[in-house]
Number of protein chains: 2
Amino acid sequence: MHPRDKHTGGAGSTAESAAQPLRSDAERNRERIIAAARTVFGRDGLSASMASVAREAGVGIATMFRRFPTKEELVAAVFADRMDAYVRATAEALADPEPWSGFTGYIETVCAMQAADRGFADVLTMSLPGAEALEACRAEAYQGFLELIARAKDSGDLREDFTSRDLVLLLMANAGVLSATGEDAPDAWRRLVAWMIQSFRAPARGALPDPPEDAALYKAMRRASLGITSLETGKGR
Amino acid sequence: MHPRDKHTGGAGSTAESAAQPLRSDAERNRERIIAAARTVFGRDGLSASMASVAREAGVGIATMFRRFPTKEELVAAVFADRMDAYVRATAEALADPEPWSGFTGYIETVCAMQAADRGFADVLTMSLPGAEALEACRAEAYQGFLELIARAKDSGDLREDFTSRDLVLLLMANAGVLSATGEDAPDAWRRLVAWMIQSFRAPARGALPDPPEDAALYKAMRRASLGITSLETGKGR
DNA sequence: AGCAAACCGGAAAGCCCTATCCGATTCCCG
DNA sequence: CGGGAATCGGATAGGGCTTTCCGGTTTGCT
């Protein structure tokens, strides 16, 4: 009766906590893979290939897929701590006695996190259906952000027509600026964010087109999920 | 110069030097390729492969490369008329007696053009060193936009700290929103643009981080250009 | 040690892309 | 209407990426 049998079966792997301990060499490789993925995803975004991560890690391709059968599992493992920080940021923002500076500080923090890691910028603008832990964090942060919005509106600093979807819009816009400017203008995003934040401030300067529906945005994020295997084109009648 | 001849029938195509008329079947295929590219680039952006265009056009791959040895040449041929419209938009905006509405109308028009064609959205945010005609149009439109800015500042409607680089930033941000939302929230971009335009309006609501240097932005656009073979896409892309 | 399970990583299969080659086909003009 | 030249497009070479398979190696427990 070896406690170390075939394992797994059901338990996924995302939450390694309760899983069977890996053999020492396997665990070592796992760490190397995650470290390599952190580097590669941070530099190239989530579009980086699994093969390039394996190369960077110096392990065989098979080892890569054995440990992380899907890219989403790898992404979940790599960005778990970033997502924790993401959630923590809402708590910190809510701790700010000043509603408006809490609100703007949060937005700046999140956008800065995007700027610091191209992979994380991608994570924030696409849903990863296979990584429940990440999605749960996203939902939690979302709740916190709703609270930030409410506080900032109550204090009269935030425009009444601001909605949580506007943050998603900003994250997508920021991701666009970041991926376009890259290393060449690493602070360009700060200017975009500043423009937006000044516009969010009450009083309103005019009407705005309606924001997209929640469902539509969610759908968009899912569609974008992971160009895993063949971007999305595949057309060809 | 804008008089880019329509190359209908007789002579003159985009870059073919002395321009000897193509044989009828060659010309027919050329048109089919451009039409197909218009469709494919519009749907998938410039990251679409040459092969997929050839497939869509129903011609052999070799025919594709014979007519358009580089992707940039194809892009130039496909978006020549779009770029003309792009330049024309500045003239129309300058014709508006109201400086502010001319300014905002121009921005909205350009962003709408991005929304209408993912390929064009890419064209506007990356430089195509190999497509001189397009780059010339870009430069011409740029001059016109400088004029729009001057007028809007003179009338006191536009913030003094707005610079032409802010339009580039907005185009990149808009491209990000468009590629993230796609078909699922096709009007989301309008909200982003409205937020930004309201922020551009004088009086200023606060200081802004410095915009990126012109050289840095140009470098970024060049880097993004069209990396020989892959990278993004896939961006993604 | 000694051994079996767990693990490693190269190789291979399958798919898509770029770019070039070359025999077969089509066009155009005399 | 016939022939040479311009074109066509399948085929091929060369790379990447994903995913699976399998013989050889390492680990950990007895």
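Structure notes:
- Taken together, A:THR104, A:THR109 contain a single residue that is of a type in the set (Val, Ile, Thr) and under 25 Å from A:ALA37 (Cα atoms), which is A:THR109.
- Residue satisfying condition, being outside the structural domain of A:CYS111 (by TED's automatic domain parsing), within 30 Å of A:ALA180 (Cα to Cα) and either within 10 Å of DNA strand C (Cβ to nearest atom) or at pLDDT below 95 (or both), within set A:ARG28, A:ARG55: A:ARG55
- Some residue of segment B:61-69 being within 14 Å of chain A (Cβ to nearest Cβ) and either in contact (Cβ under 8 Å) with a residue 60 or more places away in the chain or within 14 Å of DNA strand D (Cβ to nearest atom) (or both): yes
- Residue list for segment B:197-208, restricted to those being of a type in the set (A, V, I, L, M) and at the interface with another protein chain (Cβ under 7 Å from one of its Cβ atoms): B:LEU208
- Subset of segment A:105-149 that is farther than 19 Å from A:PHE162 by Cβ and acidic (Asp, Glu) - its residue that is modelled with the lowest pLDDT: A:GLU132
- Among the residues of segment A:19-70, just one is closer than 22 Å to A:ARG118 by Cα, aromatic (Phe, Trp, Tyr) and assigned to a helix (DSSP H, G or I), namely A:PHE41.
- Only one of the numbered conditions (1) surrounded by fewer than 18 Cβ atoms within 10 Å (Cβ to Cβ); (2) closer than 20 Å to A:PRO97 by Cα; (3) within 11 Å of chain B (Cβ to nearest Cβ) is not met by A:TYR218, and that is (2).
- For the condition more than 7 Å from every other protein chain (Cβ to nearest Cβ) and touching a residue at least 12 places away in the same chain (Cβ under 8 Å), B:ARG159 qualifies.
- Residue identified as touching a strand residue (DSSP E or B) at 6+ places or on another chain (Cβ under 8 Å) and either part of a helix (DSSP H, G or I) or more than 8 Å from chain B (Cβ to nearest Cβ) (or both) among A:ALA194, A:ALA152, A:ALA180, A:ALA173: A:ALA152
- Of the residues B:ARG23, B:ARG55, B:ARG43, the single one that is more than 8 Å from DNA strand D (Cβ to nearest atom), surrounded by fewer than 19 Cβ atoms within 10 Å (Cβ to Cβ) and more than 22 Å from the chain's Cα centre (by Cα) is B:ARG55.
- Residue pairs meeting the criteria (Cβ under 8 Å; at least 6 apart or on separate chains; first in a loop (DSSP other than H, G, I, E, B), in segment A:114-128; second at pLDDT 95 or above and of a type in the set (Gly, Ala, Ser)): A:ASP117/A:GLY42; A:MET126/B:ALA180; A:LEU128/A:ALA76
The values are calculated or read from the model by the stated rules, or taken from the named source; none is laboratory data. Keep in mind that this is a model prediction, so the values were computed, not measured. Note that we place each Cβ from the backbone using ideal geometry, even for glycine, and neighbour counts take in every protein chain shown.
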